[in-house]
Number of protein chains: 2
Amino acid sequence: MNMMQYDYIPPVDIKTEPYTPETAHGPYIQIIEEPKQRGFRFRYECEGPSHGGLPGASSEKNRRTYPTVKVSNYVGQARVEVQLVSHTEPPRAHAHSLVGRHCTESGTCLLDIGPTDLTASSVACTQHHLHTRHEAGMSLPAVMSLPAVIFSNLGILHVTKKGVVEVLSRRLRDERKRQKGAHHPLTGRLPLR
Amino acid sequence: MNMMQYDYIPPVDIKTEPYTPETAHGPYIQIIEEPKQRGFRFRYECEGPSHGGLPGASSEKNRRTYPTVKVSNYVGQARVEVQLVSHTEPPRAHAHSLVGRHCTESGTCLLDIGPTDLTASSVACTQHHLHTRHEAGMSLPAVMSLPAVIFSNLGILHVTKKGVVEVLSRRLRDERKRQKGAHHPLTGRLPLR
DNA sequence: GACGTGGGAATTCCCAGACC
DNA sequence: GGTCTGGGAATTCCCACGTC
């Protein structure tokens, strides 16, 4: 599970957007439950899809929990995006991918939620970090918030050593392309652990 | 290590030659040291050649021993051949191969020894058996025998599941061809364990 | 430095049971 | 019966160290 093997990765920092700490006046993300740090088995592409998702840190045999976040100090349409990053400071793009419900081809988990949604599902990480972005059009006075987002089906697709360069190149290319695109005024980053 | 997986193999018995028990009047093979039954790691073809040989049953860290046999009640030129067989009764051809010094393309270990040779080296097995044939032109009164044959470099090449049918087919074909060929008057079989 | 030995780890296969 | 979950085992890679 040692990610140190990827340290030779070109130091391209994808974290260029303004950082929004939890103490900010605007919307912010709360980590309700971290993903469990041990005992989760990575899956390779060759193993096919769906082999179960990351359990929550406090998950148990009988009472399963899942990684959970919450968009606080905000009410309205919102988008939560989760992606794997390195555990370095600053966090960098990671070659492994998030797979499962709500996950995209690019290895991230994208989820649109509204004020009426109860819960969502799917996404997390292990010794890595999770990057979470939230985009919103307006903010409201404190206390107000959206319902928790529960990622109940979030797997990690382990890239093989041979595939690292290819996957990471694609990922960084996509990231640059993305940054040239539409602006996301309220976008921030929040590493999970 | 369970060889039961090969039980579906066509029941072609390659043991058609006359059996020569150790109590016979003529030459016979003595097992001086069996191969160690546990702790030996099989190697696959993809791992390349030479990853060490089978240790003897009584082998230890500091004092290594090796599978050893002895042709007794005989003096003169002799040939010792070792091959892997199943642990069934009667023994059948086994898909795995013996590799290492004195081993042939066909997965057996072939060794010609004479009255002046001191020791030889290379060959063995694990939970399988070893078939040993000895061929000789003449026999002498008891007590006389050739020096021990020490197989100090005998590895087992593990055939993959995908390769079983192919390897075994080839092996059985070779065996039939062999039996049609030259006769070996004093040839016998002796399973190691 | 190439090769022989040994052994840890990465990757792939594949099966059993739960669930739909 | 087909898919989802979980996990054991098979296969492949690859590295460390001693020897020639």
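Of note:
- Strands (runs of 3 or more DSSP E) contained entirely in the range B:58-156, each with at least 2 residues that are farther than 21 Å from residue B:38 by Cβ and at pLDDT 85 or above: B:68-72, B:78-85, B:109-113
- Residue B:41 vs. criteria open to solvent by 50 Å² or more (accessible area, probe 1.4 Å), assigned to a loop (DSSP other than H, G, I, E, B) and at pLDDT 90 or above: yes
The values are calculated or read from the model by the stated rules, or taken from the named source; none is laboratory data. Note that the structure is a prediction, hence the values are computed from the model and not measured. Positions of Cβ are generated from backbone atoms using ideal geometry, with glycine treated the same way; all protein chains shown enter the neighbour counts. The accessibility values were calculated without ligands, DNA or RNA, using every heavy atom of the protein model including side chains. Shrake-Rupley method; radii C 1.70, N 1.55, O 1.52, S 1.80 Å.
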